[in-house]
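Asker: The structure that follows is given in the form of structure tokens.
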Amino acid sequence: ALQQLLLSRSKEHDDALKALAASQQQKETVIKTSFEQMITQLQQTIEAKNTEITRVNKANELALQAAHDNFAKKEAAMRDGYQSSLRDIERVQKERVEEERKIT
């Protein structure tokens, strides 16, 4: 009877350990799945942010190039205007010299 009681208690103890191990395994699986989901979400968020950063960088590059081109056009127009003004000054000076020659 004592041996039967010990066997029964031993089996109950084994069953309790198995149940505890199964419960622990289930908790670990839930935690692992939860972490995997969080990692996946973080990866997706990082990818989305990187895509947005790439888009903004490209837009900034295009805006900078447009500003550079616009500046170059304005600079060329100013240079052309300056050259035209110099030619006008030279022309007026030549005309004055011509008029002074005619007077004298």
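Since every read-out is calculated from the coordinates, none of them should be taken as a lab result. In this text the structure is predicted, and so the values were computed from the model without any measurement. So basically every Cβ, Gly included, is an ideal-geometry build from the backbone, and we count neighbours across all protein chains shown.
Asker: Using only helices, what value at 222 nm comes out for the chain when you add -39,500 (n - 2.57) per DSSP H run of length 4 or more and divide by the total residues, to the nearest 500 deg cm²/dmol? Could the numbers behind the result be given before it?
Answerer: On the way: 1 runs with 102 residues, N = 104.
So the helix-based figure for the chain works out to -38000 deg cm²/dmol.
Asker: What percentages, rounded to whole numbers, describe P(r) for the stretch 1-56 computed over all alpha carbon pairs with 10 Å bin width beginning at zero?
Answerer: Bin by bin from 0 Å, the calculated values are 20, 21, 17, 13, 12, 9, 5, 2, 0.
Asker: Taking the chain, how much of its Cα-Cα pair set, in percent, is spaced more than 24 angstrom apart?
Answerer: Values: 3891 of 5356 pairs.
When all Cα pairs of the chain are counted, 73 percent exceed 24 Å.
Asker: Assign unit charges at the C-beta atoms only (+1 for Lys and Arg, -1 for Asp and Glu), then state the dipole size of the chain relative to its Cα centre in Debye, rounded to the nearest 20.
Answerer: Details: 17 positive and 17 negative charges, 3 e Å.
Using only the charged Cβ atoms, the result is roughly 20 debye.
Asker: Could I have the simple spin-label model distance between M38 and K58, label points 7 Å from Cα toward Cβ, reported in nm to one decimal?
Answerer: In this crude label model, M38 to K58 measures out at 3.4 nm.
Asker: Let me ask something additional. Going through the stretch 67-97, which GluC sites (Glu not before Pro) have at most 10 other Cβ atoms within 10 Å and a DSSP loop state? Don't jump to the answer; show the numbers that get you there.
Answerer: On the way: sites: E75, E90, E95; in loops: none.
Loop-located and lightly packed - none at all.
Asker: While we're looking at this one, here's another question. Taking 0.36 nm per intervening residue step and subtracting the Cα-Cα distance, what contour gain separates E95 from T45 on full extension?
Answerer: Numbers: separation 50, 0.36 × 50 = 18.00 nm, distance 7.38 nm.
The E95-T45 span can extend by a further 10.6 nm.
Asker: Right, next: Can you give the extra length, in nm with one decimal, that the chain gains between D80 and T104 once fully stretched, where that is 0.36 nm per residue apart less the Cα-Cα distance?
Answerer: On the way: separation 24, 0.36 × 24 = 8.64 nm, distance 3.61 nm.
Going from the current span to full extension adds 5.0 nm.
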